[in-house]
Amino acid sequence: MLIRDLVKFANDLDASGLKKEADTVDVIIGAIKKLLEERGSGKDSGGSEEDQKGSESEGKDGEEKQVELFGSKTTNFEICPGAVSAFNELKEKLGESPNDASERYAVDAMKKTDDLFQIEKNAINSKSITSKELDDADKLFREILYNVGALSAEMDDEFLSSFDFLGGHMDKIKSFKEKKENDNE
């Protein structure tokens with residue numbers, strides 16, 4: 001439970017625009033997971049058996065890395081434990097055989113989130129972002145929220161609050177456009 005609570009706290013910080021603080025909590029989450037793994041057991045985390053064993057998306061260092069959902073796997077989720085948590089929760093609620101619409105909304109949201117994270121990683125590496133990349137990121141953001149909202153309606157459940165982490169990532173992406181504009185002045 002401790003790790004899950006910290007992930008929710010980090011997401012809340014992200015949603016409030018406190019990106020640096022959220023990143024600090026993400027580092028703490030990684031450190032806790034690493035310590036628990038080094039001890040050989042996750043029992044001190046107070047989490048579920050899956051939390052204690054680690055999900056199928058965990059790397060050797062104990063940090064959750066990627067998510068697999070109905071045959072599709074992410075490649076950029078290592079930058080956001082909140083996304084891993086949100087999609088693993090979604091996967092659990094969907095079960096093994098959701099209806100076609102629910103599966104489509106969930107997989108589409110996951111793929112678009114992965115694409116958004118790729119744009120963010122590119123911006124971090126190049127320390128800048130083009131107007132097209134920013135427009136693409138904004139479009140992906142809206143499409144992710146649409147898919148999660150449609151999935152919520154389809155399943156008569158509320159999933160959007162688990163995706164508060166997206167706002168922090170958009171703020172980070174936008175900050176590279178602002179830096180580029182400030183550098184040009």
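With θ set to phi - 60° and the Karplus curve 6.51 cos²θ - 1.76 cosθ + 1.60, what are the ³J(HN,Hα) couplings of the stretch 163-171 in order, to the nearest whole Hz, using x for Gly and Pro?
3J(HN,Hα) across the stretch 163-171, in whole Hz: 10, 4, 4, 4, x, x, 5, 5, 4.
Please work out the Cα center distance from the stretch 131-155 to the stretch 63-93, rounded to the nearest Å.
Each part reduced to its Cα centre gives a spacing of 17 Å.
Using each residue's phi in the stretch 126-140, evaluate 6.51 cos²θ - 1.76 cosθ + 1.60 at θ = phi - 60° and report the 3J(HN,Hα) Karplus result to the nearest Hz, with x for Gly and Pro.
Working through the residues one at a time gives 8, 6, 7, 8, 7, 4, 5, 4, 5, 4, 4, 5, 4, 5, 4 Hz.
Do any GluC sites (Glu not before Pro) in the stretch 62-129 lie in a DSSP loop with no more than 12 other beta carbon atoms within 10 Å, and if so, which?
Of the GluC sites (Glu not before Pro), the ones in loops of the stretch 62-129 whose Cβ has at most 12 other Cβ atoms within 10 Å are Glu96.
Using only the Cα atoms of the stretch 103-185, what semi-axes does the equivalent ellipsoid have when each is the square root of 5 times a gyration tensor eigenvalue? Give whole Å, largest first.
Working: eigenvalues 161, 24, 17 Å².
Largest first, the stretch 103-185 gives 28, 11, 9 Å.
Determine ³J(HN,Hα), in whole Hz, for all residues of the stretch 7-21 in sequence, where each value follows from phi through the Karplus function 6.51 cos²θ - 1.76 cosθ + 1.60 and θ = phi - 60°; x replaces Gly and Pro.
Each residue of the stretch 7-21 in turn: 4, 4, 4, 4, 5, 5, 4, 4, 5, 8, x, 9, 4, 4, 5 Hz.
For the stretch 63-127, build the convex hull from the C-alpha positions and give me its volume per residue in Å³.
Taking only Cα atoms, the stretch 63-127 has a hull volume of 72 Å³ per residue.
Laboratory data are not the source of any read-out in this text; all were calculated from the coordinates shown. Everything numeric in this text was worked out from a predicted model, so none of it was measured. With ideal geometry, Cβ positions are generated from the backbone for all residues, glycine too; neighbour counts draw on all protein chains shown.
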